[in-house]
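One structure is given here, and the rest of the page talks about it.
Just so it is clear, none of the values below were taken in a lab; they were calculated from the coordinates. Every value quoted in this text rests on a predicted model; they were computed, and no experiment measured them. Counting neighbours? That spans all protein chains shown, and the Cβs are built from the backbone with ideal geometry, glycine included.
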Amino acid sequence: MIEARVKEFLARTRAPDLSTSRLSRLAGDASNRLYFRVEPDGAETRILALLPGPFDPGELPFLEVSKLFDAIPLRTPKIHEVAGDLGILLLEDLGDLLLQDAVERGSTEGRKNALYRESVLMLVRLQARGSELSREGRRFGPFRIAFDDEKFGSELAFFRRELNSEFRALASELASQPYALCHRDYHSRNLILCGDEIAVIDHQDARMGPRCYDLASLLNDSYVAHGASLVGEMKDLFSRQTGADVEAEYDVAALQRNLKALGTFGYQISARRNDVYRRYVPHTLALVRANLEANPRWDRLRSALAKHLPELR
């Protein structure tokens, strides 16, 4: 079925140089999308994104959020072609150098700080320009949806039912914070170095949410460990640029994000037999433990979690 969809797309594409291209499958993420690099002879490579099935281009969040991020502007992959009946998008190839890879390959401290400073300033631009566009009446989809108690709670529902009351309290605290436009999954695997720019990918789930949510996702990243100095510097930069009360708002967002990540990793490992994420569990647990230790108001939550996660005792 997949091969037939790809073959049909390549046969009718408006770019004739792609019809005889070589295809190589790319490593996926935790989503149900598939990606292939299209390599035509003597022409630029592109990315073929296969969604689970056909879609209406007018209702696909990825296309809507791409328009919004272009208006901000934030760099995202250019969309070359859309084939809704086949469930396929043809996208610009931004390369393979994720922010995670750039950091893990031995970037100097100065280079790492510069990359994270730019990433934080991109968040500032996302929120400031997003607020302007919303006031101008630009009716982009993400302005009509938002995180709420139910959404935050559902993201934590991978854990046992006995934790529900503590999770509800955590979700309510997070949902009560000031909101701004959010990417929703802003971390080192969704930021890609493209020449002199940092581009954003996997942006289809953008919505209104707590203004420190994306910052916490970036700095409490399950995939990249940061020193206290960088985290403190970037939190201070974000606070000065946005006026957000980072000290009051950051930790609860970081805790929800990391607990959600542990649930996702556990599901991928146990239900989908995907061991790729196992290496990130110890670091994420360490982030959760440090957060809980720094916030005694969550002692009951820590006790409940520790019944299932001895690393948190």
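Out of VAL120, ILE72, SER134, whose Cα points farthest toward the positive end of the dipole of segment 64-134 (charges: +1 Lys, Arg; -1 Asp, Glu; placed on Cβ)?
The residue sitting most towards the positive pole is VAL120.
Need the list of lysines near LYS67 for cross-linking: C-alpha distance under 20 angstrom, and skip anything on the same chain fewer than eight residues off.
LYS78
Return the FRET efficiency for the residue pair ARG279, THR45: r is the Cβ-Cβ distance, R0 is 30 Å, and the value is rounded to the nearest 0.05. Let's see the in-between values first.
Details: r = 29 Å, r/R0 = 0.95.
E(calc), rounded to 0.05, equals 0.55.
Give the Kirkwood hydrodynamic radius (Å, one decimal) of the chain, defined as one over the mean of 1/r across all pairs of different Cα atoms. Show your work: numbers first, answer last.
On the way: mean 1/r = 0.0481 Å⁻¹.
For the chain, the Kirkwood estimate is 20.8 Å.
Using only C-alpha positions, report the orientation-averaged shadow area of the convex hull of segment 2-92, nm², one decimal.
6.2 nm²
Please work out the Cα center distance from segment 225-303 to segment 77-117, rounded to the nearest Å.
Cα centroid of segment 225-303 versus Cα centroid of segment 77-117: 23 Å apart.
Once you have the Cα-Cα distance between LEU121 and ASP101, take 0.36 nm times their residue separation minus that, and quote the gain in nm to one decimal. Spell out each step's value before the answer.
Numbers: separation 20, 0.36 × 20 = 7.20 nm, distance 2.03 nm.
Residue separation times 0.36 nm, minus the Cα-Cα distance, leaves 5.2 nm.
Rounded to the nearest 0.05, what FRET efficiency do LYS151 and ARG272 have when you use their Cβ-Cβ distance and R0 = 22 Å? Intermediate results must be reported in sequence, preceding the final value.
On the way: r = 22 Å, r/R0 = 1.02.
So, using R0 = 22 Å, E works out to roughly 0.45.
What lysines does LYS260 reach when the alpha-carbon gap must be under 27 Å and sequence neighbours fewer than 8 apart in one chain are set aside?
Those lysines meeting the cut-off are LYS112, LYS151, LYS235, LYS307.
Got a sec? Which residues in segment 135-155 would a label at ALA71 touch, if it sits 7 Å along Cα→Cβ and we count backbone N under 17 Å?
Output list for this probe position: 135-146.
For helix 246-270, what angle does its Cα long axis make with the longest principal axis of the chain, in degrees from 0 to 90 and rounded to 10?
Around 60 degrees separate the two axes.
Rounded to the nearest 0.05, what FRET efficiency do ASN32 and ALA294 have when you use their Cβ-Cβ distance and R0 = 25 Å? Write down the numbers at each step before the final one.
Details: r = 36 Å, r/R0 = 1.44.
So, using R0 = 25 Å, E works out to roughly 0.10.
Considering Cα pairs under 8 angstrom that are at least six residues apart, work out the relative contact order of segment 171-313 and quote it in whole percent. Don't skip to the end; give the middle numbers.
Details: 157 pairs, mean separation 28.5, N = 143.
Relative contact order of segment 171-313: 20 percent.
Counting alpha carbon pairs within less than 8 Å and at least 6 residues apart, what relative contact order, in whole percent, applies to the chain? Write down the numbers at each step before the final one.
Working: 448 pairs, mean separation 47.1, N = 313.
Reported as a whole number, the value is 15 percent.
Over 5 Å intervals from 0, what percent of Cα-Cα pairs in segment 169-313 sits in each interval?
Going out from 0 Å in 5 Å bins, segment 169-313 shows 2, 9, 17, 22, 22, 16, 8, 3, 1, 0 percent.
Using DSSP to call loops (not H, G, I, E or B), can you name the trypsin sites (Lys or Arg not before Pro) in segment 45-152 whose Cβ has at most 11 other Cβ atoms within 10 angstrom? Could the numbers behind the result be given before it?
On the way: sites: ARG46, LYS67, ARG75, LYS78, ARG105, ARG111, LYS112, ARG117, ARG125, ARG129, ARG135, ARG138, ARG139, ARG144, LYS151; in loops: ARG75, LYS78, ARG105, ARG138, ARG139.
In loop regions of segment 45-152 (DSSP not H, G, I, E or B), the sparsely surrounded trypsin sites (Lys or Arg not before Pro) are ARG105, ARG139.
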